[in-house]
1. Pairs only if they're at least six apart or on different chains, beta carbon under 9 angstrom, first in the stretch 134-147 and of a type in the set (Asp, Glu), second crowded, with 20+ Cβ neighbours inside 10 Å and assigned to a strand (DSSP E or B); list them, first residue then second.
2. Can you find, within the stretch 90-140, the residue that is farthest from VAL196 (Cα to Cα) among those that are within 15 Å of the chain's Cα centre (by Cα) and among the hydroxyl-bearing types (Ser, Thr, Tyr)?
3. Identify, please: which residue in the stretch 39-86 is surrounded by fewer than 13 Cβ atoms within 10 Å (Cβ to Cβ) and hydrophobic (A, V, I, L, M, F, W, C) and is, among those, modelled with the highest pLDDT?
4. Could you grab me the full set of residues in the stretch 71-93 that are touching a helix residue (DSSP H, G or I) at 6+ places or on another chain (Cβ under 7 Å) and either not hydroxyl-bearing (Ser, Thr, Tyr) or not assigned by TED's automatic domain parsing to the domain that holds SER51 (or both)?
5. Every residue in the stretch 240-259 that is of a type in the set (A, V, I, L, M) and part of a strand (DSSP E or B), please.
6. Do the conditions hold for ILE232, that is, is it among the aliphatic types (A, V, I, L, M), assigned to a helix (DSSP H, G or I) and modelled with pLDDT under 95?
7. Of the residues ARG251, ARG291, only one is of a type in the set (Lys, Arg), out of contact with any Gly (no Cβ under 8 Å at 6 or more places or on another chain) and under 22 Å from LEU140 (Cα atoms); which?
Amino acid sequence: MNKTAFAALAEYMDLLLDAICVVDQRHRFSYLSPGTQRVFGYTPDEMMNRSMFDFIHPDDHQATMAIAQKINSGDQVVHFENRYIRKDGSVAHILWSARWSERDQRRVGVARDISEQKRLERDRESLIARLEHMALTDPLTQLPNRALFYDRVSTAQKRATRDGTGLGLLYLDLDKFKFINDEYGHATGDQLLKEVAQRMASAVRATDTVARLGGDEFVVLIDAVPSTDEGITTVRAVAEKIRLAMQAPLRLPHGEEVVTCSMGMALWPQHGDTADTLISQADEAMYRAKRNGGNQLSE
């Protein structure tokens, strides 16, 4: 390797934000441009004649070795990413372009620090995730909202059609919510709704979905129930678990309250093809349960 030739270009290379690295077949650095310190956090002298694996993040050793062997075989590699540990202990995300120099029997690579870009990407993904969560989640109870519930119903219908199963839907309304909300204020009402939401969510199966439509109205999608009469038994069993979960008193600011719920049920496809139809059917059944004294399921 003609180190003098590289050194003559060093003055111009230092203008680059990237680092130019030359590595021998034993993976040892034989040349590093002045931009090395900006990229890796070490001076060129601190990295010279040392293995690149002394600096690469341990979790990236295997992938980097595979790429190095590929380059040694004559392939040119662009846009390969790995991580280096800087001198101060921070992690640098590096984007590489590299090729094999047959004449010099060395790999020549250009390294660009993309750590800030990676951070911005993570921030953007986090923001998108938060916005999606806000768009699909009830802000008070953190349960799925109406939009997400409808999407879950649509997905469940497609799966049930494929598997030859059915779906169940429960519509729930709290029996004492209006009285407590009016008597003790909205803050107490909000706490009640949050406590109730947790109890409902913990009472159903992991494959089911509890959602809040608004006010004290909740719906439960019971996924993959038998399409026979056994499906009714499955939905009844889920409803009973919810009813029993509501029997223990809720601890509210003014004291303890037992808040039961009235429930109505509907089955797909027996009672309708759409989420709106099923909700309407279950809503009517729920009002029958409420007229009969509440704390029960009506079919």
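1. Between residues of the stretch 134-147 that are of a type in the set (Asp, Glu) and residues that are crowded, with 20+ Cβ neighbours inside 10 Å and assigned to a strand (DSSP E or B), the close pairs are ASP138/PRO144; ASP138/ALA211; ASP138/ARG212.
2. SER126
3. Looking at residues that are surrounded by fewer than 13 Cβ atoms within 10 Å (Cβ to Cβ) and hydrophobic (A, V, I, L, M, F, W, C), I get ALA66.
4. VAL77, PHE80, ASN82, ARG83, ARG86, ALA92, HIS93
5. Scanning the stretch 240-259 gives LEU250, LEU252.
6. Answer is yes for this residue.
7. ARG251
The values are calculated or read from the model by the stated rules, or taken from the named source; none is laboratory data. Everything quoted here is computed from the prediction, not taken from an experiment. Note that we place each Cβ from the backbone using ideal geometry, even for glycine, and neighbour counts take in every protein chain shown.
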